[in-house]
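Worksheet for the structure shown next.
The values are calculated or read from the model by the stated rules, or taken from the named source; none is laboratory data. Nothing here was measured: the structure is a model prediction, and the numbers come from that model. Note that we place each Cβ from the backbone using ideal geometry, even for glycine, and neighbour counts take in every protein chain shown.
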Amino acid sequence: MQDATDRPTMARIAAVGSASEANIICAILAGEGIEAFIPGQTASGMLPHLSNALNPDGIEVHVPFAQLDRAKEILESAHRPPPGTPHPAAPAPSLTGETYARKALATAGYSWLLVPFLLLAGYYAIRALRAPAIDDPVSMAKRRRYLFWAVVIALPNILLWMILLWRLLGPTVTVILPDGTPIEEAPL
């Protein structure tokens, strides 16, 4: 979009990671009377899973060049917290050993369905054991209790799956009956 003086009529004000964010910026600007435009909005909207491939620099939001400074001010004030608002909380702490132990117990409970749950239960148990110790004795006791029951539940399931796999994939013995017909059996 060029006018007679070869000066662009639209200017990029933002590049964001998703079409939703771009639409929110457009709505904020439209509420203040500034016309905002998302080039390629149709493609990003119809193929959201390809939005990063279609727009590697992010989904751009454009405004009229004459209103660029005002639009920047509006977006800056929209991102600024109101006066007296405390700073945002620190990021959520990473998962604790108790959480990993609880996950180990839950996945061990489902391990009779699928073998990968046994692997996942083992992964969570290792993460629970390697998590830093906490001064809280109640949390440490819960962690030990969850891990104990995860092992109690997982061990019979491991044995069950091993027997099942041995029966399915193990060696077979061919027995020849007196009448000469062979029968294959899996020894156990």
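Worth a mention:
- So L129, is it modelled with pLDDT of 85 or more, part of a helix (DSSP H, G or I) and in contact with a Leu (Cβ under 9 Å, 6 or more places away or on another chain): no
For (1) aliphatic (A, V, I, L, M); (2) modelled with pLDDT under 80; (3) not in a helix (DSSP H, G or I), each residue gets a yes or a no:
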| position | (1), (2), (3) |
| --- | --- |
| F148 | no, no, no |
| A154 | yes, no, no |
| L159 | yes, no, no |
| L168 | yes, yes, no |
| E184 | no, yes, yes |
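- Long-range neighbours under 8 Å by Cβ, at least six apart or interchain, first residue more than 17 Å from A106 (Cβ to Cβ) within the range 118-139, second among the aliphatic types (A, V, I, L, M): A133/M140; I134/M140
- Residue selected from the range 93-126 under the condition among the aromatic types (F, W, Y) and not in a helix (DSSP H, G or I), by the criterion modelled with the lowest pLDDT: W112
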